[in-house]
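Asker: Would you mind keeping the following structure in view while I ask a few things?
Laboratory data are not the source of any read-out in this text; all were calculated from the coordinates shown. It should be emphasised that the depicted structure is a prediction, and the values quoted were computed from it without experimental measurement. Don't worry about glycine lacking a Cβ; one is built from the backbone with ideal geometry, like all the others, and counts go over all protein chains shown.
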Amino acid sequence: MDKTSRRRFAGVGDFPQSMPYPCFIARTAFTLIELLVVIAIIGILVGLLLPAVQQVREAARRTSCRNNLKQIALALHNYESNFQMFPPSVTYSPPVLIGGPTSPGEWSALARILPFVEQNNVYEGINFNLSYHHPDNSIGPLLVRQVRIPFYICPSEPNDVPRTEPDGSVRFWPTNYAFNMGVWLIYDPNTRQGGEGLMFPNSRIKTRDVTDGLSNTVALSEVKAFTPYCRNTNNAPVVIPSEGSQVGDLMPAGQISMGQDLNNRRGHSEWVDGRVYHTGVTATLTPNTKVLVNHDGLTHDASWVNWKEGESATVITYAAITSRSHHRGLVQLAMADGSVRVATNEIDLPIWRASFTRAGNEVRTLSSFD
């Protein structure tokens, strides 16, 4: 085969000897400019997509939180059906006071409804005649107070961690759900009368006592775990505060639970404890109202309790325990009929307070806006 034939066989064609062969150069990569453009486009797409993904996740967490509220509200009704009353916040026999390792009175309503939120195994470990500090109140190697109850934690809670002992062992688990204990008054040990909410110390409230209607009365609402607080200030004003600054002016005083360490911010950090600053909420202020207090180099959003209920035979307990949520701009709450509703930060204070009274005969409550 001559040279011309070999060229034809190779597919080159009949080109004159003097004409150069065609040259084809294959591209094997992007140019730098093209690569930068692609990276910029991907970055823009990620920036657009990420907020949408976060919104979807938050919507799922909010739905799960709503389900927790629903389950707890239904558990209250099952408790009432079994015992013909809603559970009390705490129990004690005046003038015997609550407190100490042998006192049984501090057990919360959240502890009493455990069988009705599918936590019967935890409930079986409780002897309500003994304090939750007593070693007999245990499940295997854990004390009951060291057990985390999934239904009692909101999925959006960033501090889903236990309160710990100095050695790092678990002391308590927190809660994000607290019961309606009224607007301001919690308990008067002199008259043994409680507040306007669904429970108070030694209460025996039945459904028939909720004359405002179960659908018009809040049963429980969201709170934030590890909320800073001041208690035992004994400086309750005559007029109920209506602004966060008015409550903030009452602090810091008395026993302060604030600080850099999470363990020093103890409000709503014990689901087993029935006192108002752990498993209660009041309608003194509208949802998510800031009560700013400076302490230990930090500005805290705090709660206030005039006096720890069950610790004095004469001092009346008042409290401003604000409903707070990690869902932006609102709180979710369960009504006494088991329905779950939303209250925004902009709700009118009189309407908010009316929804926390069981027998106030108010005309407008949360249900007015359904």
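Asker: Dipole of the chain, Cα-centred, from +1 at each Lys and Arg C-beta and -1 at each Asp and Glu C-beta, to the nearest 20 debye?
Answerer: I would put it at about 1160 debye.
Asker: Then there is this: Which order, highest average first, do 120-129, 268-277 follow once you tally other Cβ atoms within 10 Å for each residue and take the mean per peptide?
Answerer: 268-277, 120-129
Asker: Continuing with this model, one more query. Given the Cα-Cα distance of V161 and L74 and 0.36 nm per residue of separation, how much length would full extension add, in nm?
Answerer: Extending this stretch completely gives an extra 28.7 nm.
Asker: Around G254, under 11 Å between beta carbons, what's the net of Lys plus Arg minus Asp minus Glu among the other residues?
Answerer: +2
Asker: Something else now. Points 7 angstrom from Cα along the Cβ direction at L142 and L49: gap in nanometres?
Answerer: 3.8 nm
Asker: How much net charge surrounds E270 when only other residues with a Cβ under 11 Å from its Cβ are counted (Lys, Arg +1; Asp, Glu -1)?
Answerer: Residues close to E270 contribute a combined charge of +3.
Asker: Among D301, D209, which comes first, second and so on when ranked by fewest other beta-carbon atoms within 10 Å?
Answerer: D209, D301
Asker: Between N129 and A313, with labels modelled 7 Å along Cα→Cβ, what's the label distance in nm to one decimal, could you check?
Answerer: Simple spin-label model gives 2.5 nm for this pair.
Asker: Further, regarding this structure: Quickly work out the N120-to-T63 label distance, labels modelled 7 Å from Cα along the C-beta direction, and quote it in nm with one decimal.
Answerer: 3.0 nm
Asker: While we're here: Grab the other residues whose beta carbon is less than 12 angstrom from that of H326, score K and R as +1, D and E as -1, and report the net.
Answerer: Counting the neighbours of H326, the net charge comes to +1.
Asker: Mind checking which aspartates and glutamates have their C-alpha under 17 Å from K224, skipping anything on the same chain fewer than 8 residues away?
Answerer: Straight-line reach from K224, under 17 Å: E58, E157, D160, D261, E270, D273, D301.
Asker: With an 8 Å cut-off on Cα pairs and a minimum separation of 6 or more residues, tell me the relative contact order of the chain in percent.
Answerer: 19 percent
Asker: Taking the C-alpha atoms of the chain, how large are the radius of gyration and the largest Cα-Cα span, Dmax, in Å?
Answerer: Computed over the Cα atoms of the chain, radius of gyration and Dmax are 30.8, 123 Å.
Asker: Amide H neighbours of I186 under 5 Å, at least 5 residues apart or on other chains, H built in the peptide plane: list them.
Answerer: Long-range HN contacts for I186: T317, Y318, A319.
Asker: Taking H placed 1.01 Å from N in the peptide plane, check which residues at least 5 places from G267 or on another chain put their amide H under 5 Å from its amide H.
Answerer: Residues meeting the criterion, in which the H sits 1.01 Å from N, are T227, Y229.
Asker: What area, in nm² and to one decimal, does the C-alpha convex hull of the range 174-244 cast on average over all directions?
Answerer: 6.5 nm²
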